[in-house]
Amino acid sequence: MEQNIFELQYALDTFYFLICGALVMWMAAGFAMLEAGLVRSKNTTEILLKNISLYAVACTMYMICGYAIMYGGGDFSLFLNDIESNGVTGAEEPATYAPSADFFFQVVFVATAMSIVSGAVAERMKLWAFLAFAVVMTAFIYPMEGSWTWGGQSVFGMYTLGDLGFSDFAGSGIVHMAGASAALAGVLLLGARKGKYGADGSIKPIPGANMPMATLGTFVLWMGWFGFNGGSVLATASVDSANAVAVVFMNTNAAAAGGLIAAMVLAKVMFGKADLTMALNGALAGLVAITAEPSTPTALQATLFGGLGGVLVVFAIITLDKLKIDDPVGAISVHGVVGLLGLLLVPFTNDGSSFSGQLIGAATIFVWVFGTSLIVWGILKAVMGIRVSEQEEYEGVDMSECGMEAYPEFVGASGSGR
Amino acid sequence: MKLITAIVKPFKLDDVREALSEIGVQGITVTEVKGFGRQKGHTELYRGAEYVVDFLPKIKIEVAVASGAVDQTIEAITNAANTGKIGDGKVFVSDLEQVIRIRTGETGEDAI
């Protein structure tokens, strides 16, 4: 009888993990739609391809060596050879859920971190340079900082973040701020889009081509985030964990709502209009803000934390533009600036963490990811160049990189088969 | 009065618009168009099948000017839109028989 109950628990926890992993995979679709909506039509095909191909690259590289680096506990084995048969390092023995479910859940997080970069470098980066970076980021850069955080390893033998009071439930810092750090390094070496910043210091808006896509993408991300935060409870088959999962879902939702309202109201106050793109970024900022600790706040606290994220993201977007850091979708603001905020909000509701621990963790993640990314982007820039030519940028990267338009006109029957 | 129609590269729109402002032109109409001149098309592949891309995106600018301002306007447009590379576009000048301002009913050069 006890064995039956254990098996049921195992099956339920595994099932839950897999469903949450699928929801996080769905976030990849959300990112693709959001970014496709916020770039110009002549660059849409390329950004869609970038989003779906980085997902595939992340899954493959993490399978090859990333997972082993992050969770192998120092025993390094390629292609999931050891990890699968021996269960999950660090989990209780016997395992309470399928080892492959753990891999599946973790791999979609890697893809999320990597996809943050694609929006920031949109409309002017070479596709294959981006994918080359993705290989290194998902195989090495992210798994290393992941091993120091969720993997529990010490940072090059110097200190262990868990011991210092660092806590990041679902990855405000480990995933979101990390992705934004890599994005920032790329954007600094890439430069702004042509025509974005005038010689006189003016900032020219470059409107996105598809607001329905951007909005749908945000809704999809919102829904997928239930898996992102909810799955990070790591279990559901007990009263305690089921309660935790419910609280996490509720708070995740509340934070997004708070973030959206705050950003929308702030945009109305500052710009006189209800800016849809700011509202969308606000919802995402709310989600990022709660991601570091969605299980301990009350629903009201979660809403307020999200609201703080929504306010911060509006100011971050404006400030980055003033600094001439061109980020077409606001990725660095949403995931980087608010990712840091998310980490710093944790000690307010979670006694197990401390501000110093959060700061040391944030600094560790940022210095590692930003530093190594800068090196990799720098090498790519020197070896193959990371920016498309001026002509290609004017014509749109859809044609130069993909050879097809996202919204073709004048092609029909007479445009082919001559 | 003349109607000046210019076909220019899309990214040159802002430059042309500024140049026209500078010489005192107060109104223009802009359309997104596709076209080609002596530039040959190029072929692309869609799912393995070849097709010819004849038409390239351009911007059509139409501006009505008094006869005396024609040369100035043409110069402003060509200087602003020129890149020296193939596909810069063309300027067409045609006669404008009548112009009426809808709001006030003014006609002729007063309506320009």
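So, in the stretch A:353-370, of the ones that are under 19 Å from the mean Cα position of the chain (by Cα) and free of Cβ contacts under 8 Å to residues at least 24 places away in the same chain, which residue ends up farthest from A:Asp163 (Cα to Cα)?
By that ranking, first place goes to A:Val367.
In the set B:Thr31, B:Thr43, B:Thr78, which member is more than 14 Å from every other protein chain (Cβ to nearest Cβ), under 30 Å from A:Asp398 (Cα atoms) and polar (S, T, N, Q)?
Working: B:Thr31 fails: more than 14 Å from every other protein chain (Cβ to nearest Cβ); B:Thr43 fails: more than 14 Å from every other protein chain (Cβ to nearest Cβ).
None of the other options fit; the residue is B:Thr78.
I'd like the full set of residues that are at pLDDT 95 or above and of a type in the set (Ser, Thr, Tyr), limited to the stretch A:173-199. It would help to see each step written out before you state the result.
Our first condition is that a residue be at pLDDT 95 or above; within the stretch A:173-199, this holds for A:173-193.
Within the stretch A:173-199, A:Ser181 is the sole residue that qualifies.
Have a look at A:Phe109, A:Phe104 and point out the one that is within 22 Å of A:Val245 (Cβ to Cβ), surrounded by fewer than 21 Cβ atoms within 10 Å (Cβ to Cβ) and either out of contact with any strand residue (DSSP E or B) (no Cβ under 8 Å at 6 or more places or on another chain) or at pLDDT 95 or above (or both).
Matching residue, one of A:Phe109, A:Phe104: A:Phe104.
Of the conditions (1) more than 17 Å from the chain's Cα centre (by Cα); (2) within 14 Å of chain A (Cβ to nearest Cβ); (3) at pLDDT 95 or above, B:Ile100 clears all except one; give me its number.
All conditions are met except number (2).
Please tell me if A:Val346 is over 30 Å from A:Arg40 (Cβ atoms), among the aliphatic types (A, V, I, L, M) and surrounded by 20 or more Cβ atoms within 10 Å (Cβ to Cβ).
yes
Working only within the stretch B:47-70, note down all residues that are of a type in the set (Val, Ile, Thr) and either within 14 Å of chain A (Cβ to nearest Cβ) or crowded, with 19+ Cβ neighbours inside 10 Å (or both). Walk me through it before giving the result.
Just the residues of the stretch B:47-70 that are of a type in the set (Val, Ile, Thr), to begin with: B:52-53, B:59, B:61, B:63, B:65, B:70.
Passing the criteria: B:Val52, B:Val53, B:Ile59, B:Ile61, B:Val63, B:Val65.
Just to verify a result, which residue in the stretch B:54-96, among those that are free of Cβ contacts under 8 Å to residues at least 40 places away in the same chain and among the charged types (D, E, K, R), is nearest to A:Arg40 (Cα to Cα)? Quick ask: steps written out before the conclusion?
Let us first name the residues in the stretch B:54-96 that are free of Cβ contacts under 8 Å to residues at least 40 places away in the same chain, namely B:54-56, B:68, B:71, B:75, B:78, B:82, B:84-85.
From what is left, the residues that are among the charged types (D, E, K, R) are B:54, B:71, B:75, B:85.
On the way: B:Asp54: 22, B:Asp71: 35, B:Glu75: 31, B:Lys85: 24 Å.
Looking at the filtered set, the residue picked out is B:Asp54.
Among the residues of the stretch A:177-197, how many are closer than 25 Å to A:Leu341 by Cα and crowded, with 18+ Cβ neighbours inside 10 Å?
Residues flagged as closer than 25 Å to A:Leu341 by Cα and crowded, with 18+ Cβ neighbours inside 10 Å within the stretch A:177-197 amount to 11.
Considering (1) over 21 Å from A:Leu131 (Cβ atoms); (2) in a helix (DSSP H, G or I), say which one A:Met144 fails and leave the rest.
(1)
Is there any pair with a first residue in the stretch A:142-163 that is aromatic (Phe, Trp, Tyr) and a second that is surrounded by fewer than 13 Cβ atoms within 10 Å (Cβ to Cβ) whose Cβ atoms are under 9 Å apart and which are 6 or more apart or on different chains, and what are they?
A:Trp148/A:Phe156; A:Trp150/A:Gly90
Test of understanding: among A:Asn210, A:Asn229, A:Asn243, which residue is surrounded by 15 or more Cβ atoms within 10 Å (Cβ to Cβ), under 30 Å from A:Phe15 (Cβ atoms) and of a type in the set (S, T, N, Q)?
After applying the criteria, what remains is A:Asn229.
The values are calculated or read from the model by the stated rules, or taken from the named source; none is laboratory data. Given the structure is predicted, the values throughout are model-derived calculations rather than measurements. Heads up, the Cβs are rebuilt from the backbone with ideal geometry, glycines too, and the neighbour counts pull from every protein chain shown.
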